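Down below is the structure, laid out as structure tokens.
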Amino acid sequence: MGILYSSCVPNRDCKIVIMGLEGGGKTSIINWMREGKALEEPPQVTYSFNYFECSKFGYNMKMFDIGGTDRKTTFWRHFLSGAHGLIYVVDSSNFTRLSEAREQLHKILGFEAMHGVRTLILANKMDLQDRKICQVASVELIRKELGLDNSFHQWCIEPCSAVTGEGIMTGLRWAVQGV
Ligand SMILES: Nc1nc2c(ncn2[C@@H]2O[C@H](COP(=O)(O)OP(=O)(O)OP(=O)(O)O)[C@@H](O)[C@H]2O)c(=O)[nH]1
Ligand SMILES: [Mg+2]
């Protein structure tokens, strides 16, 4: 009976918004979430947004991948409204843009629609250090630079790579917990 019951329970809808500076790896990460593998070709720059749906962890996830080049906050408002989770992607190999990321993240979290929304920070491109291509910022440094310690939001930082898949599904599971 238990098995019959669980197989009949429909997936719950869950709206996830993925944001971050351009080139951080949002589209590549979403590809991992959907396909479980890295893209064969580097993705094209996302102008405006991409929309994807995928079923994971008992949720029908509606995912909005917001291109990093468009910084119009009026444009963001539309996507943030009704979101259950925010995933903010940071390029860990780009030390010089961490303060810009902090500014953008705080702007996003300042929207009323973000109150009570779980915020997952994905510290992406960790493979670059593992493959000895370049040094990346540690999770500790990213935490400090993003300045979330006094935030009322529920947040978590997960190191990840859209090349190896490290950390992506663990982070996503955290982001949708309790939705
Ligand atoms: N080494 C490495 N490269 C990555 C990783 N994730 C993304 N990239 C590369 O980084 C570049 C940008 O990736 P995108 O996924 O297009 O980044 P985005 O955040 O969607 O960028 P916009 O659409 O411009 O906002 C591409 O060349 C990717 O192949 C990663 O985890 N490791
Ligand atoms: Mg993109």
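Taking all protein chains together and a probe of 1.4 Å, list ARG34, ARG77, ARG143 from the most accessible to the least accessible. Numbers along the way, then the final one.
Numbers: ARG34 90, ARG77 140, ARG143 60 Å².
In descending accessible area the options line up as ARG77, ARG34, ARG143.
Restricting to DSSP H runs of at least four residues, report the calculated mean residue ellipticity at 222 nm for the chain, -39500 (n - 2.57) per run over all residues, nearest 500 deg cm²/dmol. Walk me through the numbers on the way to the answer.
On the way: 7 runs with 58 residues, N = 179.
Helix contribution divided over all residues of the chain: -9000 deg cm²/dmol.
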Counting only protein heavy atoms and rolling a 1.4 Å probe, one gets per residue an accessible area for the range 10-176 in Å² of 50
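List, in the order given, every pair from LYS37/LYS144; LYS26/LYS107; LYS37/LYS62; LYS26/LYS62; LYS37/LYS125 whose Cα-Cα distance in the structure shown is over 24 Å.
Result: LYS37/LYS144 exceed 24 Å.
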How much accessible area does HIS78 have with a 1.4 Å probe, in Å² rounded to the nearest 10? 130
Note down the relative contact order for the chain as a percent, whole number, built from C-alpha pairs under 8 angstrom at least six residues apart. 25
Mind grabbing the accessible area of THR69 for me, 1.4 Å probe, Å², rounded to tens? 70
Given axes a ≥ b ≥ c from the Cα gyration tensor, I'd like to know whether the range 10-176 is rounded (a/c under 1.5), prolate (a/b larger than b/c) or oblate. rounded
Phi angles of the range 51-67, converted by Karplus (6.51 cos²θ - 1.76 cosθ + 1.60, θ = phi - 60°) into ³J(HN,Hα) in whole Hz with x for Gly and Pro, give 10, 9, 10, 8, 9, 8, 6, x, 10, 9, 8, 9, 10, 10, 9, 8, x
Keeping all protein chains in place and using 1.4 angstrom, which order do LYS132, LYS56 fall into by accessible surface area, from largest down? LYS132, LYS56
Considering amide H positions built from the backbone, and no H for Pro or chain starts, which residues 5 or more places from ILE157, or on another chain, come under 5 Å of its amide H? ILE121
Quick one: how many Å² of TYR88 are accessible to a 1.4 Å probe, rounded to 10? 0
So what's the gap between the Cα centers of the range 81-128 and the range 18-76, to the nearest angstrom? 13
With a 1.4 Å probe and every protein chain kept in, tell me what percent of the accessible surface of the range 36-98 is carbon plus sulfur. 53
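The values are calculated or read from the model by the stated rules, or taken from the named source; none is laboratory data. Values in this document were obtained by computation on a predicted structure and should not be read as measured data. Note: accessible area is taken over every heavy atom of the protein model, side chains too, but ligands, DNA and RNA are not part of it. Shrake-Rupley method; radii C 1.70, N 1.55, O 1.52, S 1.80 Å.
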